[in-house]
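One structure is given here, and the rest of the page talks about it.
No lab work stands behind these numbers, since they all come straight from the coordinates. The structure displayed is predicted, hence computed values, not measured ones. For neighbour counting, all protein chains shown are included, and Cβ atoms are generated from backbone atoms with ideal geometry for every residue, glycine included.
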There are 2 protein chains.
Amino acid sequence: MAIAPAVVDRLRAVVGAAHIRTDSETCTTYGADALRRGHPADAVVTPADAIEIAGIARVCFDTRTPLVPRGAGTGYTGGAVPVHGGVVLSLERLNRILEIDEGNLLAVVEPNVVTGALQDAVERVGLFYPPDPASLRQSVIGGNVAECAGGPRAFKYGVTRQYVLGLEAVLASGEMIRTGGKVVKNVVGYDLTQLLVGSEGTLAILTKIILRLVPKPPARITLRATFLDVAKAVEAVSRLISARVVPAALELVDAECLAAVSTYLGGRALAPEGTGALLLIEVDGLPELVAAEATRVEAACRAAGATEVLRAADEAERNELWSVRREISPSLKVITPLKFNHDVVVPKARVPQLFDLVDDLRGRFDLRIPCFGHVGDGNIHVNIMVSPDDTAAIARAHQAERALFEGVIGLEGSISGEHGIGFAKAPYLGLELTEETIAVMRAVKQAFDPRGILNPGKIF
Amino acid sequence: MAIAPAVVDRLRAVVGAAHIRTDSETCTTYGADALRRGHPADAVVTPADAIEIAGIARVCFDTRTPLVPRGAGTGYTGGAVPVHGGVVLSLERLNRILEIDEGNLLAVVEPNVVTGALQDAVERVGLFYPPDPASLRQSVIGGNVAECAGGPRAFKYGVTRQYVLGLEAVLASGEMIRTGGKVVKNVVGYDLTQLLVGSEGTLAILTKIILRLVPKPPARITLRATFLDVAKAVEAVSRLISARVVPAALELVDAECLAAVSTYLGGRALAPEGTGALLLIEVDGLPELVAAEATRVEAACRAAGATEVLRAADEAERNELWSVRREISPSLKVITPLKFNHDVVVPKARVPQLFDLVDDLRGRFDLRIPCFGHVGDGNIHVNIMVSPDDTAAIARAHQAERALFEGVIGLEGSISGEHGIGFAKAPYLGLELTEETIAVMRAVKQAFDPRGILNPGKIF
């Protein structure tokens, strides 16, 4: 549906002519995200501040026009796609770090601060913002909060949720709310802060975010261990947890990923012959601590049958060890250009069963399915690879996807640990949640957004 | 209001005659909690399981009867008091630990498991449940979740919220929902788990709780440092944070508390003459780590001007150091039998300003106001002491209370970090939250409980 010219006029009056566009190219560009299944917007607005955002919301509320907030558009489930058209509200001009408060270990930011830029800024004063989604050089804090982004450091440090102390947000009606604040404990009324985290832009538009910071760990040691199979790697993880080590990163890469990275990097061997699983482990903290932890990590890996354990001697070697993990995403394109990228999660001791399930899917559906991810959290990225022009393979991929989700639920897991539901996973919501639970979520949506204008077509 | 005999009959049919009581003594006992401002229930039911709880909810929903869930009744804000009468639903029979899953570091419990009993059970298998409200030998996990309880270990380990992975709960309508699950990451739909944590029994009745556990820290060192004033103690806290130490406990006790404990214990000196603030600091983790951290703690305290720093050599000395902190609550009764016990919180660097504010209140209102608490979180227990028969003092105490809350809000703090709102703090909600924010909370309440039967008269 196209929006009426009168609506565009009203929006123009709010943001100024320079900050509303309705041309087809802009509407198409802002209608797509990392999912690559876009839908054009009818108009794109780039407001200057919360007051203009409130004005935009009032126009859309009055006219029942879909209103889709957008950060960097790096989401994998289509969260920023205006599937019903309407107005895309890009937060790109709200991109300032407002405050870094060293004494109180917190930062106040606008939503479109790039996550990596915030990390750099706080690290310059000896502080640390741990959440590190792979997209951290592109994605923005607002999007990270809307999706509750994770990343390798979640095992030790937790996900985005654990760092959000307070929010300022504009409701669908144009009213503004403030939740939480600058304190680390707050039990005054319902925790709307935590409710808004992960709500995918369907409950409110975030305009200001108060983040908890921690002191920057002064030392870090990176290790890499290889194993004949995933079960042995998971055993190493169990052993190091039993040894009371809490790594800052604990990443697993499977043989199919290793092969893809090896091909991508020109064929050089990345691990000993026969490697079925590679663990990348990083410990951080006080120098005395990391030395002790690294020793325990080595012992745990060897006790679990590691074929090789390497320890980075310096930053260059650290980068070398991380390169395998970092190159996975571009490398997977050597298999096929298209991936259905899933972020399933299971109780951590069931990771071997998850890999058995994936092995079964590979055989049953004749598909390449490289896997990697955050094994300490039981959160594995399962990439179902297909060629965009192979419709038979795409059909098999969708069957495999459903079988994957059903299998994960059977393991008491969840269909999404990091990416959210958006519209890509909405058809599968009922696999994980009961009707009654979904009904409560819908009632919450209705409470925040009675006209259903905010990011419609998502989650449910 | 009394409930109709027909309602009692229907409830009896659900729980059986042995599990419903309407006698005055029972209704009065179950109508009071640690706030000591009770209101009698009309009936008290003790259901066996979630199915009976659902049946009770359906009866109350049909008949619009107030339904108040109750754990151990240790709350300080009257959360378990049936201020509008009706049915008190005591969860006392749902008191089993259902599962301790060592491989996946989680426990599944019914709501009325005593917090300390769960801690003991998981520690026996080398695991650890960190949240440690002072009432842990009486209070239960369900109440801890309903209030989002904190405790000394929150600085390092976080509050109850950070340990709740999933819930089973009965809605006001009698429908059952399940939120979250056995995984540490889950972004499928809205985070109803986190919304229910801290909702004070106003949104749903918890029937099962999945808790995250961590490995038990193998070593621990306890230190005590004394300072001439609170500002120097807070400086020590800042210095140890800068030194990258994250203590498992970081408790401050002020001079007025010290004097009360000293009187209570028969007049013996507990700290060097002239002590204005005492810090109790505990570090835990790997043995190599705690030794290094303890050294840094000592250095930080001395650099901030500590008059004395003691380190416990063994468990007996540890208990001796903790005794001052532990005896505060009973000791305060030597000042007056009644305390208005507030759990305000400010950004941590503003703790000295909070103490200045309290000093001002002491003078302005002629009241004894001993303070202690979790200084690392900026969360200080401010105890306004009065005699129950001194109506003039009680009036001044209420004035001081309001001035305290206003002052705390002025410091960008919160009026409650641990105890919740209940009905005792409900009149002050508007000091901290805007009308628009409260309206959203009310809409959420309406979404869960359209007839307003669950724990009415609380929070708002």
* From other protein chains only, count the Cβ atoms within 10 Å of every residue's Cβ in B:437-446, then give the mean. => 6
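How well do other chains shield peptide B:286-294, expressed as the mean number of their Cβ atoms within 10 Å of each residue Cβ?
5
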* Asked: If the cut-off is 16 Å between C-alpha atoms, which lysines fall inside it for B:Lys458, apart from same-chain ones fewer than 8 positions away?
  -> B:Lys425, B:Lys445
* For the stretch A:1-53, build the charge dipole from Cβ charges (+1 Lys, Arg; -1 Asp, Glu) around the Cα centre, then report which of A:Thr22, A:Ala43, A:Ala2 sits farthest towards its positive end. => A:Ala2
* To do: Taking only the C-alpha atoms, wrap a convex hull around the stretch A:118-180 and report its volume per residue in Å³ as a whole number.
  => 104
* With Cα atoms, 0 to 90° folded angle of helix A:391-410 axis to chain A main axis -> 80
* Enter the angle in degrees (range 0 to 90, nearest 10) between the Cα long axis of helix A:315-326 and the first principal axis of the Cα atoms of chain A, meaning the one along which they spread out most. => 70
* For the stretch A:273-408, what percent of Cα pairs sit more than 19 Å apart? -> 59
* In terms of modelled amide H atoms, which long-range or inter-chain residues lie less than 5 Å from the amide H of A:Leu106? -> A:Asp101, A:Leu213
* Asked: Expressed as a fraction of 2.2 N^0.38 Å, the rule-of-thumb size for a compact globular protein of N residues, what is the C-alpha radius of gyration of chain B?
  -> 1.00
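Express the relative contact order of the stretch B:183-290 as a whole percentage, based on alpha carbon pairs under 8 Å and six or more residues apart in sequence.
Dividing the mean separation by the residue count of the stretch B:183-290 yields 39 percent.
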* Normalised convex hull volume, the stretch A:200-263, alpha-carbon set, Å³ per residue -> 232
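What's the Kirkwood radius of the stretch A:109-241 in Å, using all Cα pairs?
With all distinct Cα pairs of the stretch A:109-241 included, I get 16.4 Å.
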* For the stretch B:400-460, radius of gyration divided by Kirkwood radius, i.e. Rg to Rh on alpha-carbons -> 1.01
* Asked: Mind checking the angle between helix B:287-303 and chain B's longest principal axis? C-alpha axes, 0 to 90 degrees, to the nearest 10.
  -> 60
* Assigning unit charges at the beta carbon (Lys, Arg +1; Asp, Glu -1) and nothing else, what dipole magnitude in debye, to the nearest 20, does the stretch B:318-446 show about its Cα centre? -> 300
* Asked: Using only helices, what value at 222 nm comes out for chain B when you add -39,500 (n - 2.57) per DSSP H run of length 4 or more and divide by the total residues, to the nearest 500 deg cm²/dmol?
  -> -10500 deg cm²/dmol
* Asked: So which trypsin sites (Lys or Arg not before Pro) in the stretch A:297-368 end up in coil per DSSP with only 13 or fewer other C-beta atoms within 10 Å?
  -> A:Lys333
* Distribution of pairwise C-alpha distances over the stretch A:164-213, 5 Å bins, in % -> 5, 23, 32, 25, 12, 3, 0
* Considering the convex hull of the alpha carbon atoms of the protein assembly as shown, report its projected area averaged over all viewing directions, in nm², one decimal. => 37.9
* Given label points at 7 Å from Cα along Cα→Cβ, what nm distances, shortest first, separate A:Val125 from the same residue in every other copy? -> 4.5
* Select from the stretch A:224-289 those GluC sites (Glu not before Pro) which occupy a DSSP coil region and have at most 10 other Cβ atoms within 10 Å, ordered by residue number. => A:Glu273
* Taking the label point 7 Å from Cα in the Cβ direction, how far apart in nm is A:Ala443 from each other copy of itself, listed shortest first? -> 1.6
* Structure fact -> Quick calc, the stretch A:267-316, dipole around Cα centre from Cβ unit charges on Lys, Arg (+) and Asp, Glu (-), nearest 20 debye, gives 240
* Asked: Amide H to amide H, which residues 5 or more places from A:Val164 or on other chains are under 5 Å from it, using H placed in the peptide plane?
  -> A:Arg212
* Structure fact -> So, relative contact order of the stretch A:297-446 in percent, Cα under 8 Å, 6 or more apart, is 23
* Structure fact -> Relative contact order in percent for chain B (Cα pairs under 8 Å, 6+ apart) equals 15
* Structure fact -> Computed from every Cα-Cα pair in the stretch B:241-325, P(r) in 5 Å bins starting at 0 and rounded to whole percents is 3, 13, 23, 25, 19, 11, 5, 2
* In terms of modelled amide H atoms, which long-range or inter-chain residues lie less than 5 Å from the amide H of A:Phe128? -> A:Val214, A:Lys216
* Structure fact -> For A:Ser387, inter-copy label-point distances (7 Å, Cα→Cβ), nm, shortest first, read 9.3
* the stretch B:216-373 - charge dipole about Cα centre, Lys and Arg +1 at Cβ, Asp and Glu -1, debye rounded to 20 -> 220
* Asked: With Rg and the Kirkwood Rh both taken from Cα atoms, where does Rg over Rh land for the stretch A:29-116?
  -> 1.05
* **Mean-position separation - Cα centroids, the stretch B:38-65 and the stretch A:352-403, in angstrom** => 48
* Counting only other chains, what is the mean number of Cβ atoms within 10 angstrom of the Cβ of each residue in peptide A:421-434? -> 2
* Asked: How would you rank B:441-449, A:177-185, highest first, on the average number of other Cβ atoms within 10 Å across their residues?
  -> A:177-185, B:441-449
* Kirkwood hydrodynamic radius over Cα pairs of the stretch A:1-157, then Stokes diffusion coefficient at 37 °C and 0.692 mPa s, in µm²/s -> 199
